[in-house]
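First up is the structure itself, then whatever we jot down about it.
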Amino acid sequence: MRRFWKRPNDPYRSEIERLVLKCAPDARIIWDGPRLRVEGVERSAFDEVGQRLWDYRNNLVHNSQGTGVSAEALFALANPMTLIEPEVLELERRDRTLNRAAARVAIVFDFIELLVPKRLADEEIGDALERIARLAREGRPKWQIYVKGASAVFFVLLNWLREVTSSLLGKKNKA
């Protein structure tokens, strides 16, 4: 757990941290001034954490009169709170150049799909796109993404040429 900028002896922030860590012990809590950002919550606990934080905020805001809750504490609770979904966090962390490289290769594959039979497009290009997505997710260098894209285009066109010549020469399998 990481904490940035926390005023000492702030019971409201301590209670918020306790609520988050009770549902998601591995969560990262980041205070940026009065703003709260929570990362690393597992998908199974995501909705529960959000609901507990919302309930706590509503309880303080709507039941605070006469309880000694300071206006400053209420103001801090009204400031933005961001609970980052696991999928969104993964996308934020991925290098943008890797995303651009994968998108460029996908554009080339879209064009190639127009030229080749559906079976080739589904099998070969689909497998290549899965591999490229894995390379980008792992943070591999973008040259590896481009090499995988180029080799996939080469083999797709080679297989397409093989099918065309087999059809023209009458050697195509009837299976």
In segment 118-146, how many are farther than 13 Å from R104 by Cβ and of a type in the set (V, I, T)? 1
Among the residues of segment 93-105, which ones are under 24 Å from R162 (Cα atoms) and part of a loop (DSSP other than H, G, I, E, B)? none
Answer from R94, R134 - the residue that is under 30 Å from A45 (Cα atoms), modelled with pLDDT of 85 or more and out of contact with any His (no Cβ under 6 Å at 6 or more places or on another chain): R134
Can you tell me which of (1) modelled with pLDDT under 75; (2) at positive phi; (3) surrounded by 11 or more Cβ atoms within 10 Å (Cβ to Cβ) is the one I84 doesn't meet? (2)
Condition first: among the small types (G, A, S) and in a helix (DSSP H, G or I). Now tell me which residues in segment 106-153 satisfy that. A106, A121, G126, A128, A133, A136, G149, A150, S151, A152
Go through segment 116-175 residue by residue and tally those that are over 22 Å from the mean Cα position of the chain (by Cα), closer than 23 Å to A102 by Cα and small (G, A, S). 5
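The values are calculated or read from the model by the stated rules, or taken from the named source; none is laboratory data. All values derive from a computational prediction rather than experimental measurement. Virtual Cβ from ideal backbone geometry, glycine too; neighbours counted across all protein chains shown.
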